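Read-outs: derived from the displayed coordinates by stated rules, not from any lab. As the structure is a prediction and not an experimental result, all values here were calculated from the model. Here the Cβ is made from the backbone with ideal geometry for all residues, glycine too, and neighbour counts use every protein chain on show.
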Amino acid sequence: MPSKIRNSLLWIFDAFEREPGYLRKPMFGCDAAYLDGLLCLVAADRDPPFNGVLVCTSRERHASLIEAMPALRAHPVLGKWLYVPQADAAFEDTAAQLRALVLARDPRIGVEPKPRKPRKAGKGHNSVLPE
């Protein structure tokens, strides 16, 4: 069995480890940071456009965040969120600013996660347990 590759961007979440409301979960092959129940950031260490930090926010907050951190842009796939690619010259500074805003509980960052729907038995699964 091949070993799982560690996300090289997890350093962004290091400061969250001391927060009692912090939780890290996998999300689309990346790592998501939750704080106080809100989905805040996604560290994406994959191929573009999933290579950088995604900022979980609403479209109404885009202008304010982009004004504060000009390296941010709308994510090309998940347009409701902002994104700074790892290749951007301001990546590390922007990631540090985002981390500080999350720790400060800035209301512009963080969305309520949608509840997961229960999985239904699909094809190839028996809906009846053997006796």
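Tabulated data
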| read-out | value |
| --- | --- |
| Gain on full stretching of the segment that runs from D47 to V77 - 0.36 nm per residue minus C-alpha separation | 9.5 nm |
| Within-13-Å neighbourhood charge of P48 [Cβ basis; K, R +1; D, E -1] | -1 |
| Calculated on alpha-carbon atoms, Rg and Dmax of the chain in Å | 17.0, 63 |
| Expected 222 nm ellipticity per residue - DSSP helices of 4 or more, -39500 (n - 2.57), all of the chain, to 500 | -4500 deg cm²/dmol |
| Full-extension gain in nm, V111 to Q86, via 0.36 nm per residue minus C-alpha separation | 6.7 nm |
| Distance between the stretch 69-109 and the stretch 1-67 - C-alpha centres, whole angstrom | 10 |
